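So the structure is just underneath, and the comments pick up after that.
The values are calculated or read from the model by the stated rules, or taken from the named source; none is laboratory data. Since this is a predicted model, take the numbers as computed values, not measurements. Cβ: placed from backbone, ideal geometry, glycine included. Neighbour counts: every protein chain shown.
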Amino acid sequence: MSSTGASADEFLVEQIREGDQHAWRQLIGRYEGRLLAFARSRTARFSDAEDLVQEAFIGFAHSLAHFDSSRSLETYLFTILRYKLYDQLRSKKIEALNAPADDEDWWDRIIPEEGETPSDAAVQAEAAKTQGELLATVMRRLIHELRDRQAFDDLQVIELVFYGGWRNLRVAELLDMDQKAVAGVKFRAIQKLQKFLGQADDKELASLAEDTAEVTVARVWRERRLTCLKRSTLQAHLLDLLEEPWLSYTRFHLDAVGCPMCLANLQDLEEEEAADEHGRAAETIFQSSVGFLKTGGA
Ligand SMILES: [Zn+2]
């Protein structure tokens with residue numbers, strides 16, 4: 001999610017709100033492939049995945065008025081799709097593709113609980129949003145600092161704990177370290193965040209309650225997808241162009257963390273050669289969803 005990608009999205013959304021059908025077609029073309037890859041990784045039938053993606057776009061068209069375009073459009077679309085997917089899986093309308101039972105929780109937690117419904121407490125939501133932004137800023141700072149120091153071991157620990165929702169024991173086993181060491185890395189990360197927050201201007205928002213610190217950090221990490229890979233990085237990975245330590249780190253995010261959204265992007269890139277089929281599916285989705293845009297211009 002480069003900044004150019006984000007501003008291109010903002011521009012597209014703006015045009016769509018004005019009722020520009022060409023922009024809507026472009027948006028579908030841009031995101032349909034990765035959403036389809038995500039849905040296909042969870043559903044037994046291809047046609048179910050296609051229907052879900054179609055519904056996700058219709059859902060987005062419906063909720064256009066509430067979408068905050070300063071947030072990641074990709075994450076928002078994945079969030080809508082994930083809700084549709086789980087709704088249908090729970091009601092057994094569709095069949096899951098060998099869903100690993102113990103992964104279910106992880107999946108439930110990995111995508112933020114926000115999205116389609118406007119909040120009834122707008123003021124509170126605004127404060128939470130500002131605090132979330134502040135936290136995201138200091139967390140990015142921490143992540144960059146760890147990368148700059150090449151402290152990838154520590155970064156892996158906190159990514160598994162906060163983004164992946166792993167327990168200390170499981171992290172310790174995977175990374176072949178002591179459980180206490182895992183807890184120590186976690187503790188120091190939160191301390192560092194508190195320190196960074198202490199330097200913030202807005203003291204009121206710059207606190208991380210001790211008892212909920214871990215949960216809050218995890219939520220912000222997932223909402224902002226702080227360590228997700230840029231599409232250009234995934235492309236470079238496919239072309240074997242990544243060098244160490246980025247190669248290992250990319251593999252870690254894909255294989256160990258198993259980030260469903262980055263995996264979907266990777267698969268979409270892999271399939272981009274089959275562009276014909278791609279185009280047809282996008283056209284079908286466009287035709288089925290364009291009618292729902294009318295409300296957006298009101
Ligand atoms: Zn990711």
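A few comments on the model shown:
- Members of the range 223-236 that are within 13 Å of the ligand (Cβ to nearest atom), over 14 Å from GLN131 (Cβ atoms) and in a helix (DSSP H, G or I): ARG231, THR233, LEU234
- Any hit, the range 19-33, residues being touching a Lys or Arg at 6+ places or on another chain (Cβ under 6 Å), more than 25 Å from GLU126 (Cα to Cα) and surrounded by 21 or more Cβ atoms within 10 Å (Cβ to Cβ): no
- Only listed residue being exposed (fewer than 12 other Cβ atoms within 10 Å of the Cβ), among the acidic types (Asp, Glu) and modelled with pLDDT of 95 or more, chosen from ASP240, ASP178: ASP178
- Wholly within the range 1-78, helices (runs of 4 or more DSSP H) carrying at least 2 residues that are touching a Pro at 6+ places or on another chain (Cβ under 7 Å): none
- Residue count for the range 79-96, restricted to those that are in contact (Cβ under 8 Å) with a residue 40 or more places away in the chain, farther than 16 Å from LEU36 by Cβ and part of a loop (DSSP other than H, G, I, E, B): 1
- Residues that are away from the ligand (no atom under 16 Å from the Cβ) and among the basic types (Lys, Arg), drawn from the range 135-182: ARG141, ARG149, ARG167, ARG170, LYS180
- Considering GLU214, GLU173, GLU210, GLU126, the condition of being out of contact with any Leu (no Cβ under 8 Å at 6 or more places or on another chain), of a type in the set (Asp, Glu) and in contact (Cβ under 8 Å) with a residue 24 or more places away in the chain is satisfied by GLU214 alone.
- A single member of VAL257, VAL220, VAL185 is surrounded by 14 or more Cβ atoms within 10 Å (Cβ to Cβ), over 22 Å from ARG34 (Cα atoms) and within 16 Å of the ligand (Cβ to nearest atom), and it is VAL220.
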